[in-house]
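In what follows, a structure is listed as structure tokens, so that the remarks can point back to it.
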Amino acid sequence: MTILCVRFQLPPGYEAALPGLLGLLEDFTPVVEALPPDGALADLRGAERYFGRDAEELARLIRVRALALYGVDCVIGAGPGPLPARLALGAAAPGAPCVVPEDLVVDFLAELPVAALPGVGTATARTLCEYGLDTLGRVATAPLSTLQRLVGARAGRELHEQANGVDRGRVVPNAVARSLATEQPFPRDELNPDRHRRALLAGTEELGSRLRALEKVCRTLTLTVRYADLASSRTGPNGGTRISTTRTRTLKEPTAHSPALTSVAYAMYDALGLQRARVRAIALRAEGLAPADQASHQLAFDPVDEKLRRIEEVADRARAKFGPHAVTLGTLAA
Amino acid sequence: MSGFAHLHTASGFSLRYGASHPERLAERASERGMDALALTDRDTLAGSVRFAKACAKAGIRPLFGVELAVGDPTPSVRRTARRRAPVRGGAFIDESTPRVTFLAREGATGWAGLCGIVSAAHADRSGGEGRSAAPPLLPRPECAAEGLTVLLGPASDVGSALAAGRPDRAAKLLAPWREMYGDALRLEAVWHGREGTGPGSLRLAARTVGFAAEQRVRPVLSNAVRYADPGMGPVADVLDAARRLVPVDPRGELDSGEAWLKGADAMLAVAERIVEAAGYRRSAAYRLLEQTRATAAECLVDPEDDLGLGTVRFPEPHLVGAGRRTAQRALASRAAAGMLARGYDRGPKPHDYWERMHQELDVIAHHGFASYFLTVAQVVDDVREMGIRVAARGSGAGSLVNHLLGIAHADPVEHGLLMERFLSRRRVVLPDIDIDVESARRLEVYRAIIGRFGTERVATVAMPETYRVRHAVRDVGAALSMDPADIDRIAKSFPHIRARDARAALEELPELRRLAGEKEKYGRLWELVEALDALPRGVAMHPCGVLLSDASLLARTPVMPTSGEGFPMSQFDKDDVEDLGLLKLDVLGVRMQSAMAHAVAEVARATGERVDLDALDFERGDGDPATYRLIRSTETLGCFQIESPGQRDLVGRLQPATFHDLVVDISLFRPGPVAADMVRPFIAARHGRAPVRYPHEDLAEPLRETYGVVVFHEQIIDIVHTMTDCGRDEADRVRRGLSDPESQGRIRVWFAQHAAAKGYDAETIARTWEIVEAFGSYGFCKAHAVAFAVPTYQSAWLKAHHPAAFYAGLLTHDPGMYPKRLLLADARRRGVPILPLDVNRSAVAHRIELVSESGKSGGWGLRLALSDVHGISEAEAARIADGQPYASLLDFWERARPSRPLAQRLAQVGALDSFGANRRDLQLHLAELHRGSRGVGGGQLPLSGGRRTASAGLPDLSSAERLSAELGVLSMDVSRNLMDDHREFLNELGVVSARRLREARHGETVLVAGAKAATQTPPIRSGKRVIFTTLDDGTGLVDLAFFDDSHDACAHTVFHSWLLLVRGVVQRRGPRSLSVVGAAVWNLAELVELRREGGLDAVAPRLAEPVAEPVDTGGAPGGGRGGTGRRIRMPTGYEMHPWADLRPAGEEASQGPSQMRKLWHQSPGSAG
């Protein structure tokens, strides 16, 4: 069993290209798991025999196709399970896939920093490093009980297993697009709440129409506000990570109706109470997508709601015919 | 028509509001034909003195005023819509409080009124400890000061009611103002060409004029000026952004660009538009201007008479122990008492002493300064009584009366110090006596002074912090929405230079070349950065000045509380208070005094031996041989004044053997003498390599002590006096005139005439004049040098006799120019055992501990202090020290209650090692104790045997990790020198250690390496920029110099790396004087990394790379950059490299654990 872990080098804001790229992987194997925003796991089971090529050759093939079809480069790691594959990805470069053979997994792991493990976030990694457990090799030799004292019972056990090369993960095919995202950047530090709300409105409009085009509804909406400020610990000659705030809300009912999304987005934004924050971008993500025909909708006596939905339907048709910018809200057109 | 008078003008002293300096405003006003100009800064009068002086120069009449935020007439809880607290970025700065302009009208009363309301506005901001102070706000009842004229402009409550279209409400708001000020009330109309009805709009201006007519209040026209010249709107935008802490929004409301100092014609046009819009005939504009002029004419405050420029006030005599006698009588009797107490009346030359004392008392009586001397004596007595070390410095040490009163330590007669250098009948400036106290207890001294004289007589002095290049880059970058990472990088790559030099520095400094390449990318940044140059951006308490006055102080200076301690602080800076005739006493906190006090206290605590440093008899005779042996060995790290690389070099060449040699040594190491090359002839004469020559045998007497070389001011005075018979007081005046090229010519003629009249031949006169001219303005005041040399000797004595206590004092109070880790390395080299941090033994401060009965240091070791742990609070340190001893980890955790990060750090550096288990295991236990104490989880502690902590099987810290923990937590490499880890690699490279370097030949090419301990670019005689660096490699120090020709290749690496590998040539100038001239430099940390990863083969290509960075700036023809040959000519005549004498860049080390605290020293260069 060989698993490939692919990361496409999407330019920022090109998340929407991921479904197509996943389709490309599905040409090789049906067992593909999307890792949004830009990655995927693919189980090559029969593919190696079917194509008569080994994992490394297939990886090169995938890269060439992605470049030819989408102009997108990718990095590929391969291993006997999802975990080694993901970790191998870190050691790979475009055009140089990294393949970890089954018998070398433990040795390969031993050299890696703990933070490389998926599921080990900055907090856990910091804890482990404080105690000198900075590589997976050291984690593997530490007593299980000590690990559990450090990071908790369950996480400790998982860590122990993973560090010892025991991989219980599988590639689970998932819906190609489990979420849709949109990001509105600002050309300078933006403090004006009107412009922020305008960005939110543009975002929800876009999400709504994309959802409706896919005939999906979403269950939750996530707002990410990115600021100009850098995390203080990370400033340095190479720059740093931008600080951001993330808020998630579950909708009253799953929907693709833009005004419904907008009101939730506004509510999340208002709750932040931003005043002097230097906002550089506002991103929205619709999550928990489900087919639209399975969604329920609470009818209301208010005719306005009904009218809005009708207008939206008409606008969608116009867009389908004349392009996405054929019909827009007056607020956004100015 | 005659000029227009601007009544509302903000200068740069309005923090982050005004964009022009007061001098510039006065200049422009005069150029544009005005004859009066008001300065009404926001919340401050700090610019007044400079403004008054500038106006006098420009020939216009100054008006003084202030713009203040005022409270509601009926103090009620203001309804403010409570906004949600922002999750990020903070709330907007609220600037909605109405602001009103006050002008001083009636002379001294008006000025006192202004001072009063400014003090009142600042007094009310009861921020208290911890809370940030509220912006200054004048409560309405306090507004009723006498002698003021009030302008209600667009920003006032009346103005905003008018802007809102509510004349009815405006009338209601006007009533209390009218009641308070009656005829002195004016309504101020401003038109900045804005749209709408807001401030600066034509409609509001017209409404104001109409409303004024309706209410029968006189209107005036102003331009609410905030910059001198048109086109400075963008600068104002940046300042607004910096004040409001938001970026400039180009689509939002920007500055109108109209708020400049418009001339009379432009203001007439403005007046015409306003009156027309208000519905009057155009000629009414003249009435408006006439009202404005009349208002200006009423405001009569004379800078000399009313501000008190040029008069002096001392505390009342009864406060300084004069009782009912006059101050002069009290002073005379105290001086006589001092004479008897010190036994000078029974000494060898009693007559000299008495005569000198009476002469001095006469001079003091002549000026009426007796109270001043008594005041200083009182302060010194109080300080001494508190058990704080105190010493006088400055020319005041030359006065015998000061010595007799106990202010100055050294006997001026013995050392040949002259009173005339300090005070004489012909010197009209205020004398100044500086006193040094222990830095750690400086604030106590302040409190004692305030307690003695009362807050109505005492205030500290302000020190405006002005924009220099780094802050300017940060503020402008933030205003322009630049990427914070870029801002940070740009700001940090600049040395600490003036903002106006930003572009010139980019052109000329080799280490900025990379930045210069991307200069265009940042557009307006550079222009705006330069526009902010020297504008005040904040105000802090001056670290040493204290104002002492009689009870009228508060009527003459506005006072605000300092942010931390709440001391009263005058808004004027040290130059201003001198001009205002306020008596300033400089109380300097000297860390070395604290360090010595600590060392003495430690010796007393640990051994019971009482050391009295002031009783050491060293001023006469040979002093202590061990001390001078130490000084001559140049291992003077940590000794006052003689520890810098240049001083160590000089001490090595001079080989001091007596106290007088120390005085000379300190005097020689000044920019002047170094620049005038007085050092070389002196050394040569001292060691008998050159004959001692005097221009005339009459001059042998003053010059003998320095082998015929002029070193001291006192010698110049004596020479002039001897040659011309003019009296020493006149000679001092002559000496002062020497630094001014213009008066120098006159003095020369005068000198030649008088000397010839005394019968000296022309050749002698010419030779003497040569000396006087060459060294006159450079020499050093001997009184200063003697005052400096006392702590120098005392610290060297401590280092020689009580080394462990000496280092304990140094490390506790950190007085020196070097990082602590270097002191530690020095201690290790001198055989003082370094005892690690231990919660059971370490105290808050560094201590000494008996290690063994024998050994170099007398068996005393140095125990590191808790206070050096990163992030420890005073309370935590005290709690840990109080709870000692601790039986177990649990015991420590429960009783000392350290915060978790602190406990972790203590574990990392081994302070908890006595509780068993390895350091990582201890950390785990601490984490669980922490969790348990929060009530989460918890449970039993795995302790074995109750006392010892059980192992958890975690890997212990490796030796490298321990070292890095020590550097990170203590900023010191405690267990061993950090260079030891690289020893093997350095041996591979053939690097010469500092110890072996002493045997190196002159001219030999060597490789040296080490951790950077100090960098300086001091002014140098040749006018070149030389980078001096000191490296520490564990075996000693290596002093390096990089000259102009190597800067292109080296400067960036030297400034921005911590561990350095240098190729250079050995320079020897004496048996103990040795330095290396650098030719190539590499970042050692990078090489070590390469060695570790790729072996020597990886290092080789890095070394093979051409050391010079490619010049990719398109080529500046004709020699290009770097040594462009531009030189700044100093007023004293010698040339200086434009970029010498400034603090170099490179706060962050690209390698090494120095992110948080300093590990090496950088100083602006010139010593003293």
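Structure data summary
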{"quantity": "Contacts under 6 angstrom Cβ, first residue in the stretch B:886-909 being without any contact (Cβ under 8 Å) to a residue 24 or more places away in the chain, partner part of a loop (DSSP other than H, G, I, E, B), 6 or more apart", "calculated": "B:ARG895/B:GLY883"}
{"quantity": "Residue match in the stretch B:146-169 (condition: at positive phi, modelled with pLDDT of 90 or more, in a loop (DSSP other than H, G, I, E, B) and surrounded by fewer than 17 Cβ atoms within 10 Å (Cβ to Cβ))", "calculated": "yes"}
{"quantity": "Residue tally, condition acidic (Asp, Glu) and buried (at least 23 other Cβ atoms within 10 Å of the Cβ), over the stretch B:1040-1060", "calculated": "0"}
{"quantity": "Residue list for the stretch B:9-37, filter: over 27 Å from the mean Cα position of the chain (by Cα) and at positive phi", "calculated": "B:GLY33"}
{"quantity": "Failed condition for A:GLY156, given (1) at pLDDT 85 or above; (2) farther than 22 Å from B:ARG919 by Cβ; (3) touching a Ser or Thr at 6+ places or on another chain (Cβ under 9 Å)", "calculated": "(2)"}
{"quantity": "Residue within the stretch B:529-537 that is within 14 Å of chain A (Cβ to nearest Cβ), under 16 Å from B:ASP475 (Cβ atoms) and surrounded by fewer than 17 Cβ atoms within 10 Å (Cβ to Cβ) present", "calculated": "no"}
{"quantity": "Odd one out for B:PHE915, checked against (1) surrounded by 22 or more Cβ atoms within 10 Å (Cβ to Cβ); (2) farther than 30 Å from B:HIS801 by Cα; (3) at pLDDT 85 or above", "calculated": "(3)"}
{"quantity": "Members of the stretch B:476-516 found to be more than 21 Å from B:ASP1045 (Cα to Cα), more than 11 Å from chain A (Cβ to nearest Cβ) and not basic (Lys, Arg), listed by number", "calculated": "B:VAL476, B:ILE490, B:ALA491, B:HIS496, B:ILE497, B:ALA499, B:ASP501, B:ALA502"}
{"quantity": "Every residue from the stretch B:413-441 that is within 29 Å of B:ARG537 (Cβ to Cβ) and in contact with a Pro (Cβ under 8 Å, 6 or more places away or on another chain)", "calculated": "B:SER439"}
{"quantity": "Subset of the stretch B:825-850 [of a type in the set (A, V, I, L, M), in a strand (DSSP E or B) and under 21 Å from B:GLY608 (Cβ atoms)]", "calculated": "B:LEU835, B:ILE848, B:LEU850"}
{"quantity": "Test: residue in the stretch B:461-475 that is surrounded by 23 or more Cβ atoms within 10 Å (Cβ to Cβ) and either within 14 Å of chain A (Cβ to nearest Cβ) or at positive phi (or both)", "calculated": "yes"}
{"quantity": "Test: residue in the stretch B:930-939 that is in a helix (DSSP H, G or I), within 21 Å of A:CYS129 (Cα to Cα) and at pLDDT below 80", "calculated": "yes"}
{"quantity": "Leading residue by the ranking (surrounded by the most Cβ atoms within 10 Å (Cβ to Cβ)) among those in the stretch B:437-460 that are more than 16 Å from the chain's Cα centre (by Cα) and assigned to a strand (DSSP E or B)", "calculated": "B:ALA459"}
{"quantity": "Among residues of the stretch B:364-388, those that are aliphatic (A, V, I, L, M), touching a helix residue (DSSP H, G or I) at 6+ places or on another chain (Cβ under 9 Å) and surrounded by 21 or more Cβ atoms within 10 Å (Cβ to Cβ), counted", "calculated": "7"}
{"quantity": "Yes/no for B:LEU890 being buried (at least 17 other Cβ atoms within 10 Å of the Cβ), away from chain A (no Cβ under 14 Å) and more than 25 Å from B:SER964 (Cα to Cα)", "calculated": "yes"}
{"quantity": "Any hit, the stretch B:389-399, residues being over 25 Å from the mean Cα position of the chain (by Cα) and crowded, with 20+ Cβ neighbours inside 10 Å", "calculated": "yes"}
{"quantity": "Residue match in the stretch B:192-207 (condition: within 14 Å of another protein chain (Cβ to nearest Cβ), part of a loop (DSSP other than H, G, I, E, B) and surrounded by fewer than 24 Cβ atoms within 10 Å (Cβ to Cβ))", "calculated": "no"}
{"quantity": "Residue match in the stretch B:911-923 (condition: under 22 Å from B:THR812 (Cα atoms) and under 43 Å from the mean Cα position of the chain (by Cα))", "calculated": "yes"}
{"quantity": "Filter result for the condition that a residue is of a type outside the set (Ser, Thr, Tyr), touching a Leu at 6+ places or on another chain (Cβ under 7 Å) and within 27 Å of A:ALA140 (Cβ to Cβ), over A:GLY90, A:GLY77, A:GLY81", "calculated": "A:GLY77"}
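For (1) under 32 Å from the mean Cα position of the chain (by Cα); (2) outside any loop (DSSP other than H, G, I, E, B); (3) touching a residue at least 40 places away in the same chain (Cβ under 8 Å); (4) crowded, with 20+ Cβ neighbours inside 10 Å, each residue gets a yes or a no:
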residue: B:PHE211; (1), (2), (3), (4): no, yes, yes, yes
residue: B:GLU214; (1), (2), (3), (4): no, yes, yes, no
residue: B:VAL235; (1), (2), (3), (4): yes, yes, yes, yes
residue: B:VAL238; (1), (2), (3), (4): yes, yes, yes, yes
residue: B:ALA241; (1), (2), (3), (4): yes, yes, yes, yes
residue: B:PRO247; (1), (2), (3), (4): yes, no, yes, yes
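The values are calculated or read from the model by the stated rules, or taken from the named source; none is laboratory data. The model shown is predicted, which means the values in this text are computed figures rather than measured ones. No Cβ is skipped: glycine too gets one built from the backbone with ideal geometry, and neighbour counts run over all protein chains shown.
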